[in-house]
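The values are calculated or read from the model by the stated rules, or taken from the named source; none is laboratory data. Worth saying up front: this structure is predicted, and the values here are computed from it rather than measured. When we count neighbours, we look across all protein chains shown, and the Cβ atoms used for this are built from the backbone with ideal geometry, even at glycine. Note: accessible area is taken over every heavy atom of the protein model, side chains too, but ligands, DNA and RNA are not part of it. Shrake-Rupley method; radii C 1.70, N 1.55, O 1.52, S 1.80 Å.
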Amino acid sequence: MTEPLYIIPDIHGQFTMLEEALALIEAEGGVNAPIVFLGDYVDRGPDSRAVIDLLIDGQARGRNWITLRGNHDQMFLDFLDYGAIHPVRLRPDLSWIHPRLGGDTTLASYGIIGDEDNTNHTAAVAAVPRAHRDWLASLPFYHLTGPLLFVHAGIAPGVPLSHQSPEDMLWIRENFLTDPKPHPWLIIHGHTALDMPTHFGNRIDLDGGAGRGRSLWPAVIEDRSCWLLTKDGRQLLTPAEQPGNRRATPGLLPP
């Protein structure tokens, strides 16, 4: 793999940040630049509906975009299909619609007011376009190209790709984040928000915390080298842990 491949991590309803990230990519790679999106398009930010509209429209116009599925996208889909808002990997006192998870802001972007006491599920199903629901259901769990594996959360170490659990690909933290051994591929992922995207040698976590009020960092990768895209040009991510990065503590925490 020698051609540059661009990546946009967890967007979390931050439409303005998404537009800025796309502008940086287009300025360097052109309008047809290939982009892999790492999932979590919804929740927490104010414009989840606009984010989905933009991505659906871009793909319909033939943009070379691969949109992976994130755990927040799955929770939104499950809510629409089943009214289920308590995934097994959440703390039992939290639900998708709780403000800490951000489902309430996703519903608000469709004009629906919902909370844990009244989810307004029937109104939500009526308000969310069927095309949005079907798009969420179509999202793949990973993208493999050459020495690179793109996935939202990570993989179970030592498990063949054909036997990986979709749930792990959406939710995994503890075993994956703490494993220093090389994987068959360099893993490019999001899901675990850091203060800054970081290269850990066997994986690159690009989630800089846009869903937590920080920045959305577009990136570009050539072979196994990765750069962040900034207004001042490329910024190389070297495979060494940078000080000061905050990790989410493993366990049943808000994702």
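Rounded to whole Hz and in sequence order, give me ³J(HN,Hα) for the stretch 30-40 from the Karplus expression 6.51 cos²θ - 1.76 cosθ + 1.60, θ = phi - 60°, writing x for Gly and Pro.
Couplings: x, 5, 9, 4, x, 10, 10, 9, 8, x, 6 Hz.
Need one number: nm distance between label points at residue 163 and residue 144, each 7 Å from Cα along Cα→Cβ, rounded to one decimal.
Going by the 7 Å Cα→Cβ label model, 1.4 nm.
Which value, in Å², gives the accessible area per residue of the chain when a 1.4 Å probe is used on the protein heavy atoms?
Numbers: 10720 Å² over 255 residues.
Counting only protein heavy atoms, the per-residue value for the chain is 42 Å².
Along Cα→Cβ, 7 Å out, is where each label goes; now give me the distance between the ones at residue 181 and residue 214 in nm to one decimal.
Rounded to a tenth, the inter-label distance reads 2.9 nm.
Have a look at 128, 142, 177 and report the one farthest towards the positive end of the charge dipole of the chain, computed about the Cα centre with Cβ charges (Lys/Arg +1, Asp/Glu -1).
Result: 177.
Given a 1.4 Å probe and every protein chain left where it sits, what share in percent of the accessible area of the stretch 105-165 is carbon and sulfur?
That share works out to 55 percent.
For the chain, what does -39500 (n - 2.57) per DSSP helix run (n ≥ 4), summed and divided by total residues, give at 222 nm, in deg cm²/dmol to the nearest 500?
Theoretical 222 nm ellipticity from helices: -8000 deg cm²/dmol.
Taking the Cα centre of the chain as the origin, how large is its charge dipole in debye, to the nearest 20, when only Lys and Arg (+1) and Asp and Glu (-1) carry charge on their Cβ atoms?
Numbers: 20 positive and 31 negative charges, 61 e Å.
Value, rounded to 20: 300 debye.
Residue 200's amide H: which non-local residues (gap 5+, or another chain) put their own amide H closer than 5 Å, with H modeled 1.01 Å from N in plane and none for Pro or chain starts?
205
Note down, for the stretch 99-176, the three equivalent ellipsoid semi-axes (square root of 5 times each alpha carbon gyration tensor eigenvalue), biggest first, whole angstrom. Display every interim value, and only then the final one.
Values: eigenvalues 210, 49, 19 Å².
Whole-Å semi-axes of the equivalent ellipsoid: 32, 16, 10.
Note the angle between two axes, namely the Cα long axis of helix 15-29 and the longest principal axis of the Cα atoms of the chain, as a number of degrees from 0 to 90, rounded to the nearest 10.
Long axis of 15-29 versus the principal axis of the chain: about 30 degrees.
Which whole-number percent gives the relative contact order of the stretch 112-165, counting Cα pairs below 8 Å spaced six or more residues apart?
Over the stretch 112-165, the number comes to 16 percent.
On a full-extension model of 0.36 nm per residue, what is the gain between residue 20 and residue 130, subtracting their alpha-carbon distance, rounded to one decimal in nm?
Values: separation 110, 0.36 × 110 = 39.60 nm, distance 2.78 nm.
Full extension from residue 20 to residue 130 adds 36.8 nm.
Using the Karplus curve 6.51 cos²θ - 1.76 cosθ + 1.60 with θ = phi - 60°, what ³J(HN,Hα) values do you get for each residue of the stretch 126-133, in whole Hz, with x for Gly and Pro?
Listing the rounded values in order: 6, 7, 7, x, 4, 4, 5, 4 Hz.
Roughly what would the spin-label model give for residue 120 and residue 57, points 7 Å off Cα along C-beta, in nm?
The two pseudo-label positions are separated by 2.4 nm.
Taking a temperature of 37 °C and a viscosity of 0.692 mPa s, what whole-number D in µm²/s does Stokes-Einstein yield for the chain with Rh from Kirkwood over alpha carbon pairs?
So the translational diffusion coefficient is about 180 µm²/s.
For the stretch 167-181, what does the Karplus curve 6.51 cos²θ - 1.76 cosθ + 1.60, with θ = phi - 60°, yield as ³J(HN,Hα) per residue in whole Hz, taken in order and with x for Gly and Pro?
Each residue of the stretch 167-181 in turn: 4, 4, 4, 8, 10, 4, 9, 3, 5, 6, 5, 9, 8, x, 6 Hz.
Between the helical axis of 48-60 and the dominant principal axis of the chain, each derived from Cα atoms, what acute angle in degrees is found, rounded to the nearest 10?
Approximately 60 degrees, to the nearest ten.
Give the relative contact order (percent, whole number) for the chain; include only Cα pairs under 8 Å separated by 6+ residues.
22 percent
Just need log10 I(q)/I(0) for the stretch 46-181 at q = 0.12, 0.16, 0.22 Å⁻¹, Debye formula, equal scatterers on the alpha-carbon atoms, no solvent, rounded to two decimals.
-0.54, -0.91, -1.36
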